[in-house]
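See structure below.
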Amino acid sequence: MTETMADRTADSADDAAWDDHLAHLAAIPHARRLHLLRILLAVVLVAAAGRLGWSIVENPAFEWATVRSYFFSDPVLTGLKNTITLTALSMGLALVVSVLIANLRLSDNPVLRAAAGAYVWFFRSVPLLVLLILWFNISLIYPTFSIPLPGGGWTWETRDLMTAYWSAVLAFGLQQAAYTSEIIRASLLAVPAGQREAALALGMPPGRIFRRIVFPQAMKIAVPPVSNDLINLLKATALVAFISVPDLLYSVQQIYNRTFEVVPLLMVATVWYMILVSILSLGQFYLERWLGRSAAARVSPRGRAGRSTT
């Protein structure tokens, strides 16, 4: 007991010495010196941003009145809806496939590891636009699609199944899965192996270890890069204009091909993309904060030591 009180007295003395040291550093003139160069650079950046913004506002080439007239028009809103659903379906497919591929790449079975590696290699090797056009023309390679069953089965014409929209969903989703699987694999490997070993020693089954211990921690690591991929995927959906899917860009193209108001219609698409990316970025911020709530609530060792002495 005497030793414990002596330790606490020593900790209090250390804390007081550290606070005195911080107060001494704060009192040094150069520590409070204004960074004139940084302030000057900030002023220059603000002035340049203001000048650029004003040049955009006052430039008659943007035709802001035309932008306002088309911003909520039916064709633009229909294209916006298709862009959002295409992004959501493609990313949903990518997440499901990527979790499967990441686990296969970490499997002890060499055949499963090789198959998952071949998947990642193939979809990272083929350009997205080429893949999109290949899926759109898949009926030229496989005219029919069949599910054989005992006593019969079902057969469909591939061109009836693979519309331009669903060709785009498969092309975007399967290629994105190759990239996202590598993010998830790295996130799974970042979880310390000792936690799995400790859980196994406590008798937890592997599936429960993955759900309760490994996956939540891996998700916290994977959220920033996966969110970045989602934003890139949103903008990449503009490629569907090549196969005539009426997304946001294709819709404004159809309008300005008729009215020749190219710049204001492109500004309509640009502003909508900026709004969507801002919403996704805000969602990423709150998701990261929600996933990190346990770390934020964690009390520092110094704080615990301070409370223990009271």
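The values are calculated or read from the model by the stated rules, or taken from the named source; none is laboratory data. A quick note: this is a predicted structure, and the numbers were derived from the prediction, not measured. With ideal geometry, Cβ positions are generated from the backbone for all residues, glycine too; neighbour counts draw on all protein chains shown. Please note that ligands, DNA and RNA were not included when accessible areas were found on the heavy atoms of the full protein model with its side chains. Shrake-Rupley method; radii C 1.70, N 1.55, O 1.52, S 1.80 Å.
A straight chain from residue 62 to residue 42 at 0.36 nm per residue would run longer than the Cα-Cα distance by 4.4 nm. Label separation (residue 211 vs residue 262): 5.7 nm, computed from points 7 Å beyond Cα along the C-beta direction. Each of 217, 142, 183 was scored by the projection of its Cα onto the charge dipole of the stretch 104-249, and the greatest displacement toward the positive side belongs to 217; charges sit on the C-beta of Lys, Arg, Asp and Glu.
Estimated from helical segments only, the mean residue ellipticity of the chain at 222 nm is -25000 deg cm²/dmol, where each DSSP H run of four or more residues counts as -39500 (n - 2.57).
For the chain, the longest principal axis of the alpha carbon atoms and the long axis of helix 2-27 meet at an angle near 70°. Expressed as a fraction of 2.2 N^0.38 Å, the value expected for a compact globular protein of N residues, the C-alpha radius of gyration of the stretch 122-167 is 1.40.
Between 50, 244, 65, the Cα set farthest toward the positive side of the dipole of the chain (charges on each charged residue's Cβ, about the Cα centre) is that of 50. Per residue, the Cα convex hull of the stretch 101-187 amounts to 120 Å³. Remark: the stretch 72-85, residue by residue, has Karplus-estimated 3J(HN,Hα) of 10, 6, 4, x, 5, 5, 5, x, 4, 4, 5, 5, 5, 5 Hz, where x stands for each Gly or Pro and the curve is 6.51 cos²θ - 1.76 cosθ + 1.60 at θ = phi - 60°. Ligands, DNA and RNA left out, the accessible area of the stretch 28-172 computed with a 1.4 Å probe is 72% carbon and sulfur.
On a 0 to 90° scale, report how tilted helix 110-125 is relative to the longest principal axis of the chain, with both axes built from alpha carbons and the result rounded to the nearest 10. Approximately 70 degrees, to the nearest ten.
Calculated FRET efficiency, residue 228 to residue 139, Cβ-Cβ distance, R0 = 25 Å: about 0.15 to the nearest 0.05. Pairwise Cα distances in the stretch 180-278 exceed 16 Å for 68 percent of all pairs. When only alpha carbons are used to place a centre, the stretch 224-261 and the stretch 125-175 end up 22 Å from one another. The alpha-carbon atoms of the stretch 223-276, seen along their principal axes, cover 42, 23, 11 angstrom, with the largest extent given first. Its alpha carbons give the chain an Rg and a Dmax of 28.3, 90 Å. Contact order for the chain, expressed relative to its length and based on alpha carbon pairs under 8 Å spaced 6+ residues apart, stands at 24 percent.
Inter-label distance, residue 282 to residue 109: 4.6 nm, where each label sits 7 Å from its Cα along the C-beta direction. In this calculation the C-beta distance from residue 201 to residue 291 is compared with R0 = 25 Å, giving a FRET efficiency of 0.40.
The local environment of residue 83, defined by Cβ-Cβ distances under 11 Å, has a net charge of +1 under the rule Lys, Arg +1 and Asp, Glu -1. Apply the Debye scattering formula to the stretch 21-175, with a single equal point scatterer on each alpha-carbon and no solvent, then give log10 I(q)/I(0) at q = 0.19 Å⁻¹. Relative scattering, expressed as log10 I(q)/I(0), comes to -1.24.
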